[in-house]
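Single-structure report; data block below.
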């Protein structure tokens, strides 16, 4: 093994030891055919609308994945650090759709890139590689959902407060499950439960099974009009 190959193997072993220990031919092929790249902080790795043609293994540093809204606001979706994977890159490689966001190097980065063709062959032939990709995909997707909840939280809180007032019709007791409220708001039941618990801690409502008693309608009106 030459010095360059030895260094590459050391970097793989540092962050992805399960790959260097694997005897899977598809994974050995990936290690042998990756390209090492050095990316300075602030560099644009990929822009919205770009076709994804590589899968990225981050070794050091981190990148930020973000969207630009119609109003010009930049929303950070998640960060990709050593050992992570980019859920949108995986999605675009599997669907052959353009990348919907931008990726910027948050710090100086070292990464290995794998061609789309090699990525697809490994997905097709290696159960071990598929498990790795989809495990990382699932972990990152949870992070994205949590981040979107944080971004949307003020709106959800307002809409929930208004919905409780609408359903109460000046009555103190509402008969509704958290799931029913979630369907009204177009969000997850867990999100509604979290905000209702916040309302209860503040003394604005009392939660019971399938029922919500409103104690402070004026406070809910204040939240709904913020």
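The values are calculated or read from the model by the stated rules, or taken from the named source; none is laboratory data. Predicted, not measured: the structure shown is a model, and the values here were computed from it. All Cβ positions, glycine included, derive from the backbone under ideal geometry; neighbour counts span all protein chains shown.
Tabulated data
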item: Filtered residue count, region 199-220, keeping only those that are out of contact with any strand residue (DSSP E or B) (no Cβ under 6 Å at 6 or more places or on another chain) and either without any contact (Cβ under 8 Å) to a residue 40 or more places away in the chain or exposed (fewer than 13 other Cβ atoms within 10 Å of the Cβ) (or both); result: 11
item: Filtered residues of region 20-31 (kept if closer than 24 Å to residue 108 by Cα and out of contact with any strand residue (DSSP E or B) (no Cβ under 8 Å at 6 or more places or on another chain)); result: 31
item: Test: residue in region 119-137 that is under 17 Å from the mean Cα position of the chain (by Cα), within 18 Å of residue 67 (Cα to Cα) and surrounded by fewer than 18 Cβ atoms within 10 Å (Cβ to Cβ); result: no
item: Residue list for region 192-203, filter: within 30 Å of residue 100 (Cα to Cα) and out of contact with any helix residue (DSSP H, G or I) (no Cβ under 6 Å at 6 or more places or on another chain); result: 194
item: Of all residues making up region 165-185, the number that are in contact with a helix residue (DSSP H, G or I) (Cβ under 6 Å, 6 or more places away or on another chain) and either under 10 Å from residue 214 (Cα atoms) or loosely packed, with under 14 Cβ neighbours inside 10 Å (or both); result: 3
item: Subset of region 51-71 [outside any loop (DSSP other than H, G, I, E, B) and either more than 17 Å from residue 137 (Cβ to Cβ) or without any contact (Cβ under 8 Å) to a residue 40 or more places away in the chain (or both)]; result: 59, 60, 62, 64, 65, 66, 67, 68
item: Enumerated strands (runs of 3 or more DSSP E) restricted to region 72-143, each holding at least 1 residues that are outside the structural domain of residue 21 (by TED's automatic domain parsing) and in contact (Cβ under 8 Å) with a residue 12 or more places away in the chain; result: none
